[in-house]
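Have a look at the structure below, then the notes.
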Protein chains: 2
Amino acid sequence: MTINGNLLVAGSEKRGLNGEFQGVEAATGKLLPVSFGGASPQDVDQATSQAWEAFGSYRETGLETRAAFLESIAEGIEAIGDELVVRAMSETGLPRGRLEGERARTVGQLRLFAKEVRAGRFQELRFDAGDASRKPVAKPDLRLRNVPIGPVAVFGASNFPLAFSVAGGDTASALAAGCPVVVKAHSAHPGTSELVGRAVQRAVASAGLHPGTFSLLFDTGFEVGQRLVADSRIRAVGFTGSRRGGTALIEIASRRRQPIPVYAEMSSINPVIFFPGALKSRAADIASTFVASLVLGAGQFCTNPGLLLAVDGEELDTFVARAAELLPEVGPQAMLTPSIAKAYYDGVAKLERHPEVRAVASGKTGSEFEGAAALFETSADAFLAHHELQDEVFGAAGLVVRCKDLAQLENVLDELEGQLTIALHITDEDEAPARRLIPKLEMLAGRLLVNGFGTGVEVSPAMVHGGPYPATADGRSTSVGTLAIYRFLRPVSYQDFTVTLLPEALR
Amino acid sequence: MTINGNLLVAGSEKRGLNGEFQGVEAATGKLLPVSFGGASPQDVDQATSQAWEAFGSYRETGLETRAAFLESIAEGIEAIGDELVVRAMSETGLPRGRLEGERARTVGQLRLFAKEVRAGRFQELRFDAGDASRKPVAKPDLRLRNVPIGPVAVFGASNFPLAFSVAGGDTASALAAGCPVVVKAHSAHPGTSELVGRAVQRAVASAGLHPGTFSLLFDTGFEVGQRLVADSRIRAVGFTGSRRGGTALIEIASRRRQPIPVYAEMSSINPVIFFPGALKSRAADIASTFVASLVLGAGQFCTNPGLLLAVDGEELDTFVARAAELLPEVGPQAMLTPSIAKAYYDGVAKLERHPEVRAVASGKTGSEFEGAAALFETSADAFLAHHELQDEVFGAAGLVVRCKDLAQLENVLDELEGQLTIALHITDEDEAPARRLIPKLEMLAGRLLVNGFGTGVEVSPAMVHGGPYPATADGRSTSVGTLAIYRFLRPVSYQDFTVTLLPEALR
């Protein structure tokens, strides 16, 4: 398939003339062939005005049409074949197995939303029958349904070139809700983005939808993204990325004449709590599953286990010792971009220099583009005194916090910011103290898990991938799983409508 | 019952020592007996820390306990008897019939949420069975439920001393969700607030709930409200009031270390569209129902019909002429507060002075505390050129916009901000052009109604009282009807939990 670096705007393609950039081979930092043209303000305007125009008809598509459209995007992505995986491998440095899995997740996600659309439950139809004879006033006939919120701007995520980029979870759920999508491609994988974007564009055409239903824009900096969020025709934003990036977009959205929701998934260190019984019975085993989770994808998961909480003592020593044995065996892994690799090493260096932090072990080092896993430890006293130890280090870095007792561990929890996940490692004997903590943990995170790690996010109806700020900007939302569709819907009530005037679903 | 001006903080009462104020008789501007003491920062802190403590147990109350608690608040409000209506009449200037109706709505609302709690649907339980044999990775067991968001700050509304104040819709839905509530009483009806607050406080005690489940604070200015929204233990805000007040609270909430949702219902002029067929067949009748809606409660409804759109011509002349006959018969009505009356007359004066606006007619004038209804007209050209003509004039003022044709009427719609309601007056012959407009109207408002006016908000499952900004800060929410409970909930996913560790509802 073609990769020519063109913008895909509403059914056609054009060269972006607002600067240009090339993809970078993550493992080597070398430029990849093909240069991508940045979108001009006029290109952004064209994409959003076409999206707005498309909204008029796309929102009214029947459920079957919309479901089939989502499925045809999935088929189109599969049809790209190995070229997609190969290009994504070179752009992101992620291994083949991971990318093949991610592709399966991406198309599975599109098909899950197709199913959700067909089921139609997301419309949340409600009917209150009128009663003309009610005293003192007649009861009106009221009917309610969810309507799509309007065109959505989606920002591709560096760490999920397929599952959270051009046709990822945000796009799939927005399209499922009835919202056209304008994607700002992540500059870390422009070729991958273009390949997928072309598949979406073809699916739009073959479904006979308005071409403005989908556009894909490239950007040499931040201007395109900022313009998209400020554009009056954009009515919601899906973003997965850094806290700084997310808060900047939230700021722009809040200054609009009509502020809009920004669903930004930003920052999480995903605390893991090792209870005493669990450490006593299987500290070494836990250490090995922990190390596997820590280094998965070079640690570049939103749900990477970055903070480990346990009561100090021999059992924790055993855990730390075993992790310290295993980590030096871990090879270096290419990180997603040279700048992510640099930010990772900056974060690691900060921990190394921190007077209250001790380096436990690290993985094998490679080139400057490759991340070497690193494990640190500190005391709960120090953690509580140094708020910066909560900062996310994006990559395979973990920090063990040694607590005096469960009470101090609870104090640490009280100081934590919102999280995507919290994991508990327990045995039967830990159940009572664990149960006591659950209400607190529910307030801290969107997903709680037992005897596992948060990496590996199931795409299903009961999944929550979101959590209190700053894990996500809106802690009432999830960006993974079928509930994600509700981010792009709002309820409308129809009072005393004649039957012929009612939307079909409410007749 | 006692009205002594005390703060009701977590099961006890105390004199607020941070300044004092008295209620004002709305009809005369005279001070009413009893002075109310403002809450100090320490009082706010005590209320929120007690609310936080109460949250631990209140959130875990069984559905039956919580439902019965809501019902006992309703009974307690009824048990106050006529004293409540009499005090509210003098504080707000609203007539007996309206306040008796509002009391019925308030207790009905509490009972509706009790029913909703018993039904339990708001928990949105979801179950995804695990599958250990799935390849390439085992499928986890995932279960989901909604949990309450945490303590909620509720701001009493001036225009609904019962249904949107101390035990109104925000409080009822927050308590139903499992959230303790700290109310900031509106200074326009402090005695009414105290009476209802005491009923809630007694219901908390007799249900054996943690006393921090409810507190009521008075404020001589804005400090208490600002502190509440900034307080880390407050996790959401319910507010009905002015756009300036709402946006100030949103700003405070967004600057917190953990920003929180502010459900502010702020500003709406509730456009009414008279289609040509409807005017042709019954312009005079529509004029009389319009005038009745305009002047209801001195026009002090969020859903007051402030903007009337129609195609210019004889039929519209007939409507305007009939309204001009009726309005001078309308007597003056006490407004909620002297400052609301002043703001109303300032708004009316701005319209009177506007070079592009013509005064059509006005109601009888009374004292400076009483509002006289007023109707104005302008052209669509002028309306489009002068954005300030969209500003809400809170009270019984309406503006007719004469459009050249339906196309220009649509241009006017395109320039409108978000609204709570839009009403359409039609006959059979108007159905086609009306149907064409519906998608646009759905984007503009939370409730659309046919051949009626938005005043009179049914409290029921299919009601939406909310709309795109600035009608509400969060256009995906409603503050009336059972869906209002979702504002105070967020989903949590439980992965691979042992049965005994699971919340009961998910076992």
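Quick notes on this structure:
- Selection of the range A:283-317 for residues being aliphatic (A, V, I, L, M), part of a helix (DSSP H, G or I) and within 24 Å of A:SER158 (Cα to Cα) yields A:VAL291, A:ALA292, A:LEU294, A:VAL295, A:LEU296, A:ALA298.
- Enumeration of residues in the range A:82-109 that are out of contact with any Asp or Glu (no Cβ under 7 Å at 6 or more places or on another chain) and of a type in the set (A, V, I, L, M, F, W, C): A:LEU84, A:VAL86, A:ALA88, A:MET89, A:LEU94, A:LEU99, A:ALA104
- Test: residue in the range A:482-493 that is among the aliphatic types (A, V, I, L, M) and outside any helix (DSSP H, G or I): yes
- Single residue of B:PRO276, B:PRO259, B:PRO211 found to be of a type outside the set (A, V, I, L, M, F, W, C) and within 14 Å of chain A (Cβ to nearest Cβ): B:PRO259
- If the condition is being within 9 Å of chain B (Cβ to nearest Cβ), of a type in the set (Gly, Ala, Ser), farther than 16 Å from B:PHE497 by Cα and surrounded by 24 or more Cβ atoms within 10 Å (Cβ to Cβ), then the range A:450-472 contributes A:GLY466, A:GLY467.
- Residues in the range B:481-491 that are buried (at least 24 other Cβ atoms within 10 Å of the Cβ), of a type in the set (A, V, I, L, M) and touching a strand residue (DSSP E or B) at 6+ places or on another chain (Cβ under 7 Å): B:LEU483 alone.
- Entry remark, the range A:361-375: residues being over 16 Å from A:SER293 (Cα atoms) and within 27 Å of the chain's Cα centre (by Cα) number 3 in total.
- Look at the range B:21-37: where a residue is free of Cβ contacts under 8 Å to residues at least 12 places away in the same chain and surrounded by fewer than 18 Cβ atoms within 10 Å (Cβ to Cβ) and a partner is part of a strand (DSSP E or B) and of a type outside the set (Val, Ile, Thr), sitting 6+ places away or on another chain with Cβ atoms under 8 Å, you get B:LEU31/B:GLN22; B:LEU31/B:GLY23; B:PRO33/B:GLN22.
- Failed condition for B:VAL44, given (1) closer than 24 Å to B:ALA188 by Cβ; (2) of a type outside the set (S, T, N, Q); (3) at pLDDT below 95: (3)
- Residue among A:LEU441, A:LEU437 that alone is more than 7 Å from chain B (Cβ to nearest Cβ), over 22 Å from A:ARG282 (Cα atoms) and either modelled with pLDDT of 95 or more or out of contact with any helix residue (DSSP H, G or I) (no Cβ under 8 Å at 6 or more places or on another chain) (or both): A:LEU441
- Pairs where the first residue, in the range A:271-292, is farther than 21 Å from A:GLN408 by Cα and the second is outside any helix (DSSP H, G or I), C-beta under 6 Å, 6+ apart: A:SER281/A:THR427; A:ILE286/A:HIS425
- Residues in the range A:84-131 that are within 12 Å of chain B (Cβ to nearest Cβ) and touching a strand residue (DSSP E or B) at 6+ places or on another chain (Cβ under 7 Å): 7 in all.
- Restricting the range A:216-255 to residues that are in contact with a strand residue (DSSP E or B) (Cβ under 8 Å, 6 or more places away or on another chain) and among the polar types (S, T, N, Q), the residue that is nearest to A:LEU162 (Cα to Cα) is A:THR240.
Here's the yes/no breakdown for (1) more than 13 Å from every other protein chain (Cβ to nearest Cβ); (2) surrounded by fewer than 17 Cβ atoms within 10 Å (Cβ to Cβ); (3) polar (S, T, N, Q):
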| residue | (1), (2), (3) |
| --- | --- |
| A:GLY221 | yes, yes, no |
| A:VAL229 | yes, no, no |
| A:PHE239 | yes, no, no |
| A:ILE250 | no, no, no |
| A:SER254 | no, yes, yes |
| A:GLU265 | yes, no, no |
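- Output for the range B:352-369, where each listed residue is touching a residue at least 40 places away in the same chain (Cβ under 8 Å) and under 13 Å from B:PRO328 (Cβ atoms): B:VAL360, B:GLY363
- For the range B:166-193, filtering for residues that are in a helix (DSSP H, G or I) and in contact (Cβ under 8 Å) with a residue 40 or more places away in the chain leaves 12.
- Strands (runs of 3 or more DSSP E) wholly inside the range B:59-165 that include at least 1 residues being under 16 Å from the mean Cα position of the chain (by Cα) and crowded, with 21+ Cβ neighbours inside 10 Å: B:152-155
The values are calculated or read from the model by the stated rules, or taken from the named source; none is laboratory data. Quick caveat, the model's predicted, so the values are computed rather than measured. A quick note on method: Cβ atoms are made from the backbone with ideal geometry, for glycine too, and the neighbour counts reach across all protein chains shown.
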